[in-house]
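Student: Would you mind keeping the following structure in view while I ask a few things?
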Amino acid sequence: MLKKFLIFLTVIAIFSLTAWVVAKADQNQANENSTSSEKGQLNAEEHRSAVANFVQSLLKAASSTEGGIGEQVRVIAQQQNQSATTTIKAMEKVQTRNKIQTFLFGSDYKNLGALRSEMVQTRNRLDQLNRLIQNATDTAEIQTQIQTLEQEQTKIENFIKAQEGKFSLFGWLLKLFNK
């Protein structure tokens with residue numbers, strides 16, 4: 001009888017501790033969300049807006065740029081627009097992940113990997129744009145848009161680091177199997 005009572009108390013203690021940790025994680029998540037813009041993190045809607053502005057400005061600059069780079073800049077802008085869709089979907093999936101899943105297993109590493117992949121492709125496009133403007137004359141607008149996109153890249157990188165840095169009970173185990 002005493003043995004069953006001790007097992008019962010142990011189970012209650014484990015559930016209570018788990019509920020407390022989940023509540024604490026929810027509270028920390030709420031604090032992170034309220035200060036996310038202050039920390040330079042970003043959410044999917046902010047990124048969608050920034051990339052849409054980038055693409056529109058770059059297309060406008062491409063049409064007004066003299067020389068042969070206009071078409072190449074237009075292609076890069078279209079590629080970035082397509083990439084933004086993938087990035088936004090991955091960010092939304094990471095942000096809307098169940099808090100209990102995040103607590104137990106960690107962040108959505110699959111979509112964080114997709115974000116990293118999109119970051120590499122965007123870095124390649126930025127390098128292409130930098131090479132293109134070296135040979136052009138009036139490139140002030142394109143240079144401004146390159147800086148804007150680089151800032152967005154930094155925000156995405158901060159977002160990824162924040163998501164990967166979340167506490168989880170068994171996240172280390174999933175990382176071990178994913179390698």
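Student: Provide, for q = 0.13 Å⁻¹, the log10 of I(q)/I(0) from a solvent-free Debye sum over equal Cα point scatterers in the stretch 46-178.
Tutor: Treating every Cα as an identical point scatterer, log10 I(q)/I(0) equals -0.59.
Student: Now, a different point. Residues with beta-carbon under 11 Å from that of Arg48, excluding Arg48: net charge, scoring Lys, Arg +1 and Asp, Glu -1?
Tutor: On the way: positive: Lys89; negative: Glu45, Glu46, Glu92, Glu152.
With Lys, Arg at +1 and Asp, Glu at -1, the net is -3.
Student: OK, next. Considering lysine pairs in the stretch 46-178 that are 8 or more places apart or on different chains, how many have Cα atoms under 15 Å apart? Write down the numbers at each step before the final one.
Tutor: Numbers: Lys89/Lys110; Lys93/Lys110; Lys99/Lys166; Lys110/Lys161; Lys110/Lys175; Lys161/Lys175; Lys166/Lys175.
The number of close lysine pairs in the stretch 46-178 is 7.
Quick note: the coordinates plus some simple rules give every number you see, no bench work behind them. Predicted, not measured: the structure shown is a model, and the values here were computed from it. Positions of Cβ are backbone-derived with ideal geometry, glycine not excepted, and every protein chain shown enters the neighbour counts.
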